[in-house]
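Inspection log for the structure reproduced underneath, given as structure tokens.
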Amino acid sequence: MDVRWEEYGWERLAPGVGRRRLPGWDATVGLVAGERGALLYDTGSTLREGAELRAQTRALLGGRRVTHVAFSHPHFDHVLGAAAFSGVAVYGAVGAAELLSAGGAGGPAGSLYEEAVREGVAEAEAAEAVDLLVRPGHAVCGELTLDLGGGRRVLLANVGPGHTAHDLALLVPGSGGEPPGAPAVVFCGDLVEESGEPQAGPDAVPARWPAALDRLLALGGGDGAVYVPGHGAVVDAAFVRAQRDALAARFGGSGAPA
């Protein structure tokens, strides 16, 4: 599987682990493969994008299908492709399903549909994706380990609030050993952004955002981890620390040094 990532515009991060930066809003989706299952982290901004991801992931998985989907947070560019993955187990931070059932986005920003159209999604595409949206059936409060088979276990962690009140991170543990094996990979969602300043909309909880980044750093377990932002290039722990400090200076709030 790993030799084919680049053919589909994906970036290989570790054996069986990769991500793609989607066009338009530069949103990241991640894929983690085990012997029995595969988890997709976020699903794109439209059903068309979701269908493309479904085809790509099936090719990368040797004909197998994604079995689990996790939403990093309930914003349009991360969830509106979900209906392309029928029959999968869908995970979100506790409260995300209720928010999406009520129209999504939350706060003065308006509904998920309005957010998508405001950001440039065609009205018909946005309406279709919202109408068919698959909401999380599994709420994560704290941490949850999923076994994808073949020794591949991943951890979903409700590390927010920060960018939203429903921020869910994904940890793929490293292989360790001597010499060092594959690094730990932490998918951060929009708690970390590299291609621009972190975006704090009306549903953000800015004063608690730095502490959420401290929890991300703790998940990674050290400077050797790879951190995957919701938008932008892969970064290291030093970048996450610097962004935490910048957010604390911008909004107030702090976390314990990590």
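The values are calculated or read from the model by the stated rules, or taken from the named source; none is laboratory data. Predicted, not measured: the structure shown is a model, and the values here were computed from it. Because the Cβ atoms are built from the backbone with ideal geometry, glycine has one as well, and the counts that use them run over all protein chains shown. These accessible areas exclude ligands, DNA and RNA; they are computed on the full protein's heavy atoms, side chains included. Shrake-Rupley method; radii C 1.70, N 1.55, O 1.52, S 1.80 Å.
Please go through region 113-155 and pick out each residue that is among the acidic types (Asp, Glu), out of contact with any Phe, Trp or Tyr (no Cβ under 8 Å at 6 or more places or on another chain) and open to solvent by 80 Å² or more (accessible area, probe 1.4 Å).
The answer is GLU114, GLU123, GLU128, ASP131, GLU143.
Would a scan of region 60-75 turn up a residue that is under 23 Å from LEU133 (Cβ atoms), open to solvent by 30 Å² or more (accessible area, probe 1.4 Å), in contact (Cβ under 8 Å) with a residue 24 or more places away in the chain and aromatic (Phe, Trp, Tyr)?
no
Looking at (1) among the hydrophobic types (A, V, I, L, M, F, W, C); (2) open to solvent by 30 Å² or more (accessible area, probe 1.4 Å); (3) under 18 Å from CYS188 (Cβ atoms), which is the one condition that is false for ALA55?
Of (1) among the hydrophobic types (A, V, I, L, M, F, W, C); (2) open to solvent by 30 Å² or more (accessible area, probe 1.4 Å); (3) under 18 Å from CYS188 (Cβ atoms), only one is false for ALA55: (3).
Could you please tell me which pairs satisfy a Cβ distance under 6 Å, a separation of 6+ or placement on different chains, a first residue in region 1-23 that is buried (at least 18 other Cβ atoms within 10 Å of the Cβ), and a second residue that is at pLDDT below 95?
Listed pairs, sorted by first residue: ALA14/ALA182; GLY18/TRP5; ARG20/GLY9.
Return yes when GLY177 is at pLDDT below 95 and more than 18 Å from the chain's Cα centre (by Cα) and no when it is not.
So GLY177 passes the test.
When you check LEU60 against the structure, is it under 21 Å from LEU155 (Cβ atoms), modelled with pLDDT of 95 or more and of a type in the set (A, V, I, L, M), yes or no? Spell out the reasoning first.
Numbers: under 21 Å from LEU155 (Cβ atoms): no; modelled with pLDDT of 95 or more: yes; of a type in the set (A, V, I, L, M): yes.
When the stated conditions are applied, LEU60 does not pass them.
Given the criteria within 20 Å of PHE71 (Cα to Cα), touching a residue at least 24 places away in the same chain (Cβ under 8 Å) and in a helix (DSSP H, G or I), does ARG244 qualify?
Working: within 20 Å of PHE71 (Cα to Cα): no; touching a residue at least 24 places away in the same chain (Cβ under 8 Å): yes; in a helix (DSSP H, G or I): yes.
Answer is no for this residue.
Report whether or not VAL172 is within 16 Å of the chain's Cα centre (by Cα) and of a type in the set (A, V, I, L, M, F, W, C).
Against the criterion (within 16 Å of the chain's Cα centre (by Cα) and of a type in the set (A, V, I, L, M, F, W, C)), VAL172 qualifies.
Would you be able to tell me the number of residues in region 24-33 that are crowded, with 21+ Cβ neighbours inside 10 Å and of a type outside the set (Ser, Thr, Tyr)? So that I can check it myself, show each step before the final result.
Within region 24-33, the subset crowded, with 21+ Cβ neighbours inside 10 Å is 27-33.
Checking the rest, the ones that are also of a type outside the set (Ser, Thr, Tyr) come to 27, 29-33.
Qualifying residue count for the region: 6.
Kindly indicate whether any position in region 38-45 is at positive phi, within 14 Å of the chain's Cα centre (by Cα) and in contact (Cβ under 8 Å) with a residue 24 or more places away in the chain.
yes
Taking the conditions exactly as written (touching a residue at least 40 places away in the same chain (Cβ under 8 Å), buried (at least 21 other Cβ atoms within 10 Å of the Cβ) and among the aliphatic types (A, V, I, L, M)), does ALA165 satisfy them or not?
Spelling it out, it is not the case that ALA165 is touching a residue at least 40 places away in the same chain (Cβ under 8 Å), buried (at least 21 other Cβ atoms within 10 Å of the Cβ) and among the aliphatic types (A, V, I, L, M).
Return the total of residues in region 204-221 being of a type outside the set (Val, Ile, Thr), in a loop (DSSP other than H, G, I, E, B) and open to solvent by 30 Å² or more (accessible area, probe 1.4 Å).
Looking only at region 204-221, we keep the residues that are of a type outside the set (Val, Ile, Thr), and these are 204, 206-221.
Right, trim to in a loop (DSSP other than H, G, I, E, B) and you get 204, 221.
Then drop every residue that is not open to solvent by 30 Å² or more (accessible area, probe 1.4 Å), which leaves 221.
Summing the residues that are of a type outside the set (Val, Ile, Thr), in a loop (DSSP other than H, G, I, E, B) and open to solvent by 30 Å² or more (accessible area, probe 1.4 Å) in region 204-221 gives 1.
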